[in-house]
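The values are calculated or read from the model by the stated rules, or taken from the named source; none is laboratory data. Quick caveat: nothing in here was measured; it's all calculated off a predicted structure. Please note: Cβ atoms are built from the backbone with ideal geometry, for glycine as well, and neighbour counts cover all protein chains shown.
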Amino acid sequence: MIKCVALLKRRADLSNEAFVHYYETRHAPLIVGLCPDILSYKRNFVQREGAFAFGVPIDFDCVTELCFADRAAYDRFAARCAEPEVARLIAQDEEHVFDRSATRMMLVEEHGGPISGRVTLEADGLRALQDERAITRGLARFARVLDTKAWDDLGDVFADDIEFDYGQGERQGMAALADQMRRYLDACGGTQHLLGSILVDPAGDTAVSRAYVQARHQRRNDPGGAIFDSNGEYIDRWERRAEGWRIVRRDALWATHGGDPAILAAGAEELG
């Protein structure tokens with residue numbers, strides 16, 4: 001386990017109560033949301049009353065510990081924090097709560113503590129939960145990419161070398177995937193892809209997910225008109241890549257279709 005320790009000082013105009021409240025309700029949730037590789041995130045707020053006195057003043061208000069499963073996870077965290085937009089969001093929020101000029105941050109190697117086997121089991125369990133959450137969020141992101149027709153964002157979920165079969169045969173690559181999506185969805189109006197009964201089985205740097213899908217499609221420029229529904233299941237194989245979890249293989253198994261297939265004009269013949 002790799003640990004990063006930060007000594008943090010609150011802004012001079014903040015009371016200790018306001019500092020703790022902002023950190024716990026605003027800043028900590030922001031960091032957790034931006035940096036999924038953090039395995040454990042502890043905030044240790046300094047209690048000056050009753051502190052040991054060694055003649056050296058305590059010039060910080062919180063000792064924060066960020067734990068990572070391994071060095072690779074820490075490196076991904078560091079790279080994530082260096083992304084311009086992420087760095088901007090973190091720095092902007094830190095201005096509200098910290099005296100940033102006093103921040104000290106260091107990478108440490110932890111010794112001692114609980115029995116190593118127990119630590120490993122706990123770390124593995126937390127990591128599996130984090131991976132499951134990231135993959136579930138990836139599926140939710142996919143549904144929104146489709147329904148907003150944000151084709152340039154397919155790379156947020158799929159690997160460039162994606163292999164897939166949507167029921168019309170094997171295809172490969174991001175360009176082919178975008179073509180598959182646009183072939184049907186550019187031809188219709190509004191859509192809504194609902195994913196549920198999601199099962200995720202992570203295994204190290206790979207995982208398999210299964211998700212039921214109900215996709216509703218509406219005729220273009222006819223919000224009160226006919227619809228076309230597709231119901232089935234996505235079976236996805238995921239890999240942990242440098243940019244995060246990405247689908248490297250998808251099989252779409254369709255169970256039922258209902259409504260007017262002409263709504264998906266370009267794909268009507270195959271779906272019929």
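Results, tabulated for the structure shown:
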{"read-out": "Tally of residues being closer than 16 Å to Arg246 by Cβ, out of contact with any Asp or Glu (no Cβ under 7 Å at 6 or more places or on another chain) and hydrophobic (A, V, I, L, M, F, W, C) across the range 182-210", "value": "1"}
{"read-out": "Tally of residues being over 24 Å from Arg127 (Cα atoms) and polar (S, T, N, Q) across the range 1-36", "value": "2"}
{"read-out": "Tyr74 being outside the structural domain of Asp205 (by TED's automatic domain parsing), aromatic (Phe, Trp, Tyr), touching a residue at least 60 places away in the same chain (Cβ under 8 Å) and within 19 Å of Arg100 (Cα to Cα)", "value": "no"}
{"read-out": "Some residue of the range 161-169 being out of contact with any Gly (no Cβ under 9 Å at 6 or more places or on another chain), assigned to a strand (DSSP E or B) and under 24 Å from Arg133 (Cα atoms)", "value": "yes"}
{"read-out": "Residue identified as over 30 Å from Leu126 (Cβ atoms) and either out of contact with any Phe, Trp or Tyr (no Cβ under 8 Å at 6 or more places or on another chain) or surrounded by 18 or more Cβ atoms within 10 Å (Cβ to Cβ) (or both) among Ala175, Ala242", "value": "Ala175"}
{"read-out": "Which numbered condition Leu177 fails, given (1) in contact with a strand residue (DSSP E or B) (Cβ under 7 Å, 6 or more places away or on another chain); (2) more than 26 Å from Asp201 (Cβ to Cβ)", "value": "(2)"}
{"read-out": "Condition met for Gln168 (under 18 Å from Val213 (Cβ atoms) and in contact (Cβ under 8 Å) with a residue 40 or more places away in the chain)", "value": "yes"}
{"read-out": "Qualifying residues in the range 17-29 (those that are in contact (Cβ under 8 Å) with a residue 40 or more places away in the chain and touching a Lys or Arg at 6+ places or on another chain (Cβ under 7 Å)) - the one surrounded by the most Cβ atoms within 10 Å (Cβ to Cβ)", "value": "Tyr23"}
{"read-out": "Ala123 vs. criteria at pLDDT below 95, on the phi < 0 side of the Ramachandran plot and assigned by TED's automatic domain parsing to the domain that holds Val200", "value": "no"}
{"read-out": "Of all residues making up the range 186-203, the number that are among the hydrophobic types (A, V, I, L, M, F, W, C) and without any contact (Cβ under 8 Å) to a residue 40 or more places away in the chain", "value": "2"}
{"read-out": "Criterion (in contact with a strand residue (DSSP E or B) (Cβ under 8 Å, 6 or more places away or on another chain) and loosely packed, with under 13 Cβ neighbours inside 10 Å) met by exactly one of Val63, Val32", "value": "Val32"}
{"read-out": "Enumeration of residues in the range 208-242 that are within 18 Å of Glu132 (Cα to Cα) and assigned to a loop (DSSP other than H, G, I, E, B)", "value": "Ala242"}
